[in-house]
Amino acid sequence: MTEIVIRDAVAADIPALHRLIESAYRGEASRAGWTTEADLLAGQRTDPEDLAGILADPAQAMLAAWRDGDLAGCVLIADRGAGTGYFGMLAVSPTLQGGGLGRRLVEAAQQALAARFGARRVRISVLPQRDTLIAWYRRLGYAPTGETLPFPYGDPRFGLPLRDDLQFIVLERALA
């Protein structure tokens, strides 16, 4: 793989971030990778306004992975207070999935959460139907907490559910 540069995303990156996230999570393009949600959700995963809000919030950031001037991956990081960090919206270009970039982004997210926000633990939330993804996170040291979070039915900004049993499970990992 060509050298990857991971840096904080800036407002000028929003169009590329939006295209990447949508291609990794939704629609036919997402089926080229292994992390698609296309069988669970239609519609959008995010929108430019949401991304702009993340970038403007001092308690959040997007890390962007660039390869030869092209956006190859990204991840949202957020401070949840009390030593807890959160990451989400982890996206790798579907044609690059399986090459280790997702793992590098998770490691960068964990390091940034500890350095910027003093996080001692990291939480993530995943749709339980995504068994392969949950198994991948477990290999990275994340364990289910037993907590669940409701899916935001009725808010199309988060997608259009294709089933009525969606929720999120919470996984957590301690940081060294």
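Within the range 156-167, residues that are closer than 15 Å to residue 126 by Cβ have Cβ atoms under 9 Å from residues that are of a type in the set (Val, Ile, Thr) and open to solvent by 70 Å² or more (accessible area, probe 1.4 Å) in these pairs: 167/148, counting only partners at least 6 apart in sequence or on another chain. In a residue-by-residue description of the range 127-142, the property of being outside any helix (DSSP H, G or I), out of contact with any Ser or Thr (no Cβ under 7 Å at 6 or more places or on another chain), among the aromatic types (Phe, Trp, Tyr) and surrounded by 17 or more Cβ atoms within 10 Å (Cβ to Cβ) applies to at least one position. On inspection, residue 147 fails the criterion of being out of contact with any strand residue (DSSP E or B) (no Cβ under 9 Å at 6 or more places or on another chain), open to solvent by 50 Å² or more (accessible area, probe 1.4 Å) and modelled with pLDDT of 95 or more. For the range 1-46, a residue qualifies if it is open to solvent by 60 Å² or more (accessible area, probe 1.4 Å), β-branched (Val, Ile, Thr) and free of Cβ contacts under 8 Å to residues at least 60 places away in the same chain, and exactly one does: 10.
For residue 52, are the conditions met, namely being loosely packed, with under 15 Cβ neighbours inside 10 Å and aliphatic (A, V, I, L, M)? Spelling it out, residue 52 is indeed loosely packed, with under 15 Cβ neighbours inside 10 Å and aliphatic (A, V, I, L, M).
Out of the residues in the range 95-133 meeting the condition of being closer than 15 Å to residue 6 by Cα and not hydrophobic (A, V, I, L, M, F, W, C), tell me which one is nearest to the chain's Cα centre (by Cα).
102
The values are calculated or read from the model by the stated rules, or taken from the named source; none is laboratory data. Since this is a predicted model, take the numbers as computed values, not measurements. Please note: Cβ atoms are built from the backbone with ideal geometry, for glycine as well, and neighbour counts cover all protein chains shown. Surface areas here come from the heavy atoms of the whole protein model, side chains and all, with no ligands, DNA or RNA. Shrake-Rupley method; radii C 1.70, N 1.55, O 1.52, S 1.80 Å.
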